[in-house]
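To start, the structure itself, in structure tokens.
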Amino acid sequence: MVRDEKRATTRGGTAMSKHGTTSQVIGGYIEFQAAVLRALPRDIDPDIQEGWKMNGESLTRVLHEALMPGELVVKAAKSAFTKLSELIKARNFDWVNPDITDERFPIPDRLWNDYKEFPFGENVSSEEAVKRMQAEGYEAANSHEFLLWDGWDGKSLVVALGSIARVGGHRHVLDLRRSGSKRSLSLRWLGSVWRASYRFLAVRKSSGS
């Protein structure tokens, strides 16, 4: 019986695993590595490349999720060095306000991912909305957190008060909306009194972060 088990685990003196001989496993993994390298896009922005090189731990997490789905909740775009323009491109909006630029919405210091929508159901000012969100332990989502959020239904009016850009002498924030059949990323005046139909995106630091 022991002799039979040994035959099952060795063949010609070569160790066997449940996936084949050791040499077969190693050879298969090398082929897999080559396939990954061939699949890498050749037009990655140099700044993005540099960011990945400097953040090996983040790259490891991203590859882990992409190649072993369901084990980690980390997305390739969820890297602090990602430009807003890259996130906009990934979302494939039908229309984007041309005043929304990387210069006006630079990379933020914070990148949290524990999201909550606040539909207050009444008209509120920006200041009042922020106070109410903070009262529940949340902060207004910034530009990058806003575009990394995957909870938008494609119809609701949702605003992010956490990043402010000056356009035409006035302070503006980002909002998501559907204009006719178009999914749009727009700018709205920070001093607005927001209608009851607006929802406010907020974030807090995840307990696992």
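Residues in region 150-165 carry Karplus couplings, in order, of 10, x, 5, 7, x, 10, 5, 7, 10, 10, 10, 8, x, 10, 10, 10 Hz; the curve used is 6.51 cos²θ - 1.76 cosθ + 1.60 with θ = phi - 60°, and Gly or Pro positions show x. Over region 143-209, all Cα pairs binned in 10 Å intervals from 0 give whole-percent P(r) values of 19, 50, 25, 5, 0, listed from short to long. When the C-alpha to C-alpha distance is required to be over 28 Å, the pairs from Lys83/Lys205; Lys131/Lys205; Lys53/Lys89; Lys89/Lys116; Lys116/Lys182; Lys182/Lys205 that qualify are Lys182/Lys205.
Provide the net charge surrounding Glu136, with neighbours chosen by a C-beta distance below 15 Å and charges set as Lys +1, Arg +1, Asp -1, Glu -1. Write out the running numbers ahead of the final one.
Details: positive: Lys116, Lys131, Arg132, Arg199, Arg204, Lys205; negative: Asp114, Glu117, Glu128, Glu139.
Net charge in that neighbourhood comes out at +2.
Spin-label model, Glu122/Lys155: points 7 Å from Cα along the beta carbon direction are separated by 2.6 nm. For Gly180, the shell of other residues with beta-carbons less than 15 Å away shows a net charge of +4, using +1 for Lys and Arg and -1 for Asp and Glu. Note on exposure: Ile107, Ile88 ranked by accessible area (1.4 Å probe, complete protein assembly) read Ile107, Ile88, with the most exposed listed first.
Residues whose amide H lies under 5 Å from that of Phe200, counting only those 5 or more places away or on a different chain, are Phe118, Phe120, Val159; hydrogens are built 1.01 Å from N in the peptide plane. Peptides 52-58, 128-134, ordered by how many other C-beta atoms sit within 10 Å of their residues on average, highest first, read 128-134, 52-58. You can think of it this way: the chain between Lys53 and Ala39 has 3.3 nm of extra reach, that is 0.36 nm per residue less the Cα-Cα gap.
Close amide H pairs (under 5 Å, H built 1.01 Å from N) link Arg183 with Asp94, Trp95, residues at least 5 positions away or on another chain.
Can you tell me which of 195-206, 146-157, 178-189 comes out highest on packing, and rank the rest after it, using the mean Cβ neighbours within 10 Å? Intermediate values should be presented prior to the final figure.
On the way: 195-206: 18.1, 146-157: 15.6, 178-189: 14.1.
For the peptides 195-206, 146-157, 178-189, the packing ranking is 195-206, 146-157, 178-189.
Amide H contacts of Trp194: Val124, Ser125, Ser126, each under 5 Å away and 5 or more positions distant or on a separate chain (H built 1.01 Å from N in the peptide plane; Pro and chain starts excluded). Provide the convex hull volume over Cα atoms per residue for region 98-209, in Å³. Cα-based convex hull of region 98-209, divided per residue, equals 107 Å³.
The values are calculated or read from the model by the stated rules, or taken from the named source; none is laboratory data. As the structure is a prediction and not an experimental result, all values here were calculated from the model. Reconstructed Cβ throughout: ideal geometry from the backbone, glycine too, with neighbour counts over all protein chains shown. Accessible surface is based on the protein model in full, side chains and every heavy atom, while ligands, DNA and RNA are left aside. Shrake-Rupley method; radii C 1.70, N 1.55, O 1.52, S 1.80 Å.
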